[in-house]
Structure formats: C-alpha cells, structure tokens
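Everything on this sheet refers to the single structure shown next.
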Amino acid sequence: MVPIEAIIVCLALLVGSITDLRHRLIPDLLTFPAAGAIGLVELLPGSPDGGLLSGLLTVALICLPLGALSILRPGSFGMGDVKLIAVMALAAGPAVWVPLIPGLGFATGFGLLSAARGRTGLAGKTLPLAPFLAVPGIAFFAWTGLFGQLLQ
C-alpha cells in the first residue's frame, strides 16, 4: 500500500465517523470519491502488482453479503457502512480483516453492554458503526501505509 492510499482511507474514516455520529449516515459524496481515488492510485506505475484486482475481489467477498444483509434487514447495516468498508477493502485487500474484526467486535460489545445496562438512549436507534471502524482502521492504515514504507 502506498502512503497516499493510507491517507485517503484515514480521511474517509475520520470524516465518515463525524458524519455518522452527527447525522447517522455516511454520504456517497465521501465514499465514491475515496474509492475512485484509491482505484486511480492502484493503476499508477509503481503500485504493487495485483493490488487493484485483490482489492476488488475482497470488496466483492465482504460487501456483497453485507449489502444483502443491509437490504434484507435494514436496521443491521446501513449502506453507507457497507460502502465505507468497501473503501477499506479496496485499499487493504485481504488484510482488511485486521481492522475490520476488531471494529465490528467493538461495536458488538458496545451494543451488548448498552442493552445489558438497559440504556434507553439507544432504544430504536441504530448504532453509528463508522467510529468503531475508524479506531482500528486508522491505526492499521497509518501503520501499514505510512510507517510500513519507512520500515522497508
């Protein structure tokens, strides 16, 4: 992964988290340009061979089931969450599981704790997923994209 990809994903996660917390949505105006920019960076000379194909396959494997879940059970995942995960998968390829599993785990744990404590503040509301994806996602992409280049 080249550093510009890491910067794009980190910015998308940060802005997506803010809009998800404030408005409970992640706008297409954020995810589509981020995905397009990552795709263009992957096509530039000097990018790792097979990076775009690997990313696209990972997007299909992860986002098709999540998108179907979003359509079949509208309260489970929002399509904005699915598209933000697609941006992460496009940049990281199969390694997207490294930030994705802790992010989904944190969100699940928070939801279960809130339900167990009888918090009525979340009753009937969806949980904003982007902040839970952003914490491990920004750490992962900053490490692999920015610092990973320094270690090579």
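Given (1) crowded, with 16+ Cβ neighbours inside 10 Å; (2) modelled with pLDDT of 90 or more, identify the lone condition not met by Gly145.
The one condition Gly145 does not meet is (2).
Do any residues in the range 126-143 that are closer than 14 Å to Leu104 by Cβ have Cβ atoms under 7 Å from those of residues that are surrounded by fewer than 23 Cβ atoms within 10 Å (Cβ to Cβ) and of a type in the set (S, T, N, Q), where the two are at least six apart or on different chains, and which pairs are they?
Ala130/Ser17; Pro131/Ser17; Ala134/Ser17
So, in the range 96-142, of the ones that are β-branched (Val, Ile, Thr) and under 19 Å from Arg73 (Cβ atoms), which residue ends up modelled with the lowest pLDDT?
From the range 96-142, those β-branched (Val, Ile, Thr) are 96, 98, 101, 108, 120, 126, 135, 138; that's our starting set.
This time we only want the ones that are under 19 Å from Arg73 (Cβ atoms), so: 108, 126.
Numbers: Thr108: 89, Thr126: 74.
Only one residue fits best here, namely Thr126.
Exactly one of (1) part of a helix (DSSP H, G or I); (2) within 21 Å of Phe140 (Cα to Cα); (3) modelled with pLDDT of 90 or more is unmet by Leu52. Its number?
Status for Leu52: all satisfied but (3).
Quick check on Thr58: is it modelled with pLDDT of 90 or more, among the hydroxyl-bearing types (Ser, Thr, Tyr) and touching a Gly at 6+ places or on another chain (Cβ under 7 Å)?
yes
Return the total of residues in the range 1-29 being part of a loop (DSSP other than H, G, I, E, B), touching a Leu at 6+ places or on another chain (Cβ under 6 Å) and over 19 Å from Leu100 (Cα atoms).
Just the residues of the range 1-29 that are part of a loop (DSSP other than H, G, I, E, B), to begin with: 1-2, 24-27.
Now drop any that are not touching a Leu at 6+ places or on another chain (Cβ under 6 Å), which leaves 26.
Retained after the next criterion (residues that are over 19 Å from Leu100 (Cα atoms)): none.
Adding up the residues that qualify gives 0.
The values are calculated or read from the model by the stated rules, or taken from the named source; none is laboratory data. Quick caveat, the model's predicted, so the values are computed rather than measured. Ideal geometry is used to build each Cβ from the backbone, glycine not excepted, and the neighbour counts take in all protein chains shown.
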